[in-house]
Each structure stands twice: as C-alpha cells, then as structure tokens.
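What follows is a set of notes on a single structure, which appears directly below.
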Amino acid sequence: MTKFPLQKSDRATLQLKKSPIHWQSALPFVENTRGLLIHRPRSVMTMTHFGYAYLAVHHYCGNAVCGGKNLTFLSEPPRQAVLCEACETNAVLAGLPAASDIVGRHVHTGRLKVFKNCGCRDE
C-alpha cells in the first residue's frame, strides 16, 4: 500500500477551537459511500467540532466532502468502479502517477451528467 503526498489545503477553515490536522500523505483513492465516483485526494484534514472528529477531503476535481464513516481510503479502486475523470486528469498534471500505473490494470474513468426528468421543454 503506497501512500502519496498530499497538498496542504489553502481553503479557509471555520474558526474552530482546535486547528485542523493536515495529513501529509494518504492512499491514492477515496470512496464515499454516499457518492458514485471514486476520487483522488488532493488534501485531507482531520477536524474537531463540538467534540466530534471528522475528515475534510478535497479532491483533484475541485469537489470536497466532509465525513467519517462514509469515507474509505483505498490502495486501488474496486474493479467495476468508475474513477472521476477530472480527478485523474488533474492528478496526472500535478505529477502523480496515473491510476492504471498505480494498480497495474485498467481503471474505468468517467463523469456524471445531470439531466432534466420533469418533461419540460426548454423555450
């Protein structure tokens, strides 16, 4: 299980009683049980708010998520899982190895598309 270096988040954090703990490295993939895509983490912080610890994960695609039990760091994505295409592109541009090079096999990449399902016609 190879860990890769993370960037320190430059996003402003809430004024909390305790400063967040910035992770130095993490496994290369993150699965969110509430999401559909596997992402590549750019930065990870452990934060404490009202006595509860949780993670704040910023992805290479620009999305971010907070949570705890719903986030799993993986050394490789599940075989049929879809890796966020924007995360993969930006991670490679940042100098990290491609997902297929990390795991030694093909990794599916893709994205989500929102569509209207209400029956309205655009005018």
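The values are calculated or read from the model by the stated rules, or taken from the named source; none is laboratory data. Remember, predicted model here, so these are calculated numbers, not experimental data. As a convention, Cβ positions derive from the backbone with ideal geometry for all residues, glycine included, and neighbour counts pool all protein chains shown. SASA here: full protein model, heavy atoms, side chains in, ligands and nucleic acids out. Shrake-Rupley method; radii C 1.70, N 1.55, O 1.52, S 1.80 Å.
Taking Cα centre as origin and charging only the Cβ of basic (Lys, Arg, +1) and acidic (Asp, Glu, -1) residues, the dipole magnitude of the chain rounds to 320 debye. Give me the Å³ per residue figure for the convex hull around the C-alpha atoms of the chain. Considering the Cα atoms of the chain, their hull volume per residue is 166 Å³.
Over the range 18-123, what is the percentage of antiparallel beta bridges among all DSSP beta bridges, to the nearest 5? Rounded to the nearest five, the antiparallel share is 85 percent.
When the accessible area of the chain is split by element with a 1.4 Å probe, what percent falls to carbon and sulfur?
Values: 4430 of 8540 Å².
Roughly 52 percent of what the probe reaches on the chain is carbon or sulfur.
Solvent exposure of the range 1-120 amounts to 67 Å² per residue of accessible area, where only protein heavy atoms count and the probe is 1.4 Å. Loop sites here are chymotrypsin sites (Phe, Trp or Tyr not before Pro) outside DSSP states H, G, I, E and B with no more than 13 other Cβ atoms within 10 Å. The longest part of the chain free of them is 51-114.
Taking amide H atoms as placed 1.01 Å from N in the peptide plane, the amide H of Arg42 lies under 5 Å from those of His58, His59, Tyr60, each 5 or more residues away in sequence or on another chain. Across the range 95-111, coupling constants 3J(HN,Hα) worked out from phi with the 6.51/-1.76/1.60 Karplus curve, θ = phi - 60°, read x, 7, x, 5, 4, 5, 6, 5, 9, x, 7, 5, 10, 5, 10, x, 8 Hz, and Gly and Pro carry x. How much net charge surrounds Ser25 when only other residues with a Cβ under 14 Å from its Cβ are counted (Lys, Arg +1; Asp, Glu -1)? Net of charged neighbours comes to +4. Phi-derived couplings, Karplus 6.51 cos²θ - 1.76 cosθ + 1.60 at θ = phi - 60°, listed residue by residue for the range 31-40: 10, 10, 5, 8, x, 10, 9, 8, 10, 9 Hz, with x used for Gly and Pro.
Rolling a 1.4 Å probe over the protein chains gives Leu112 an accessible area of about 110 Å².
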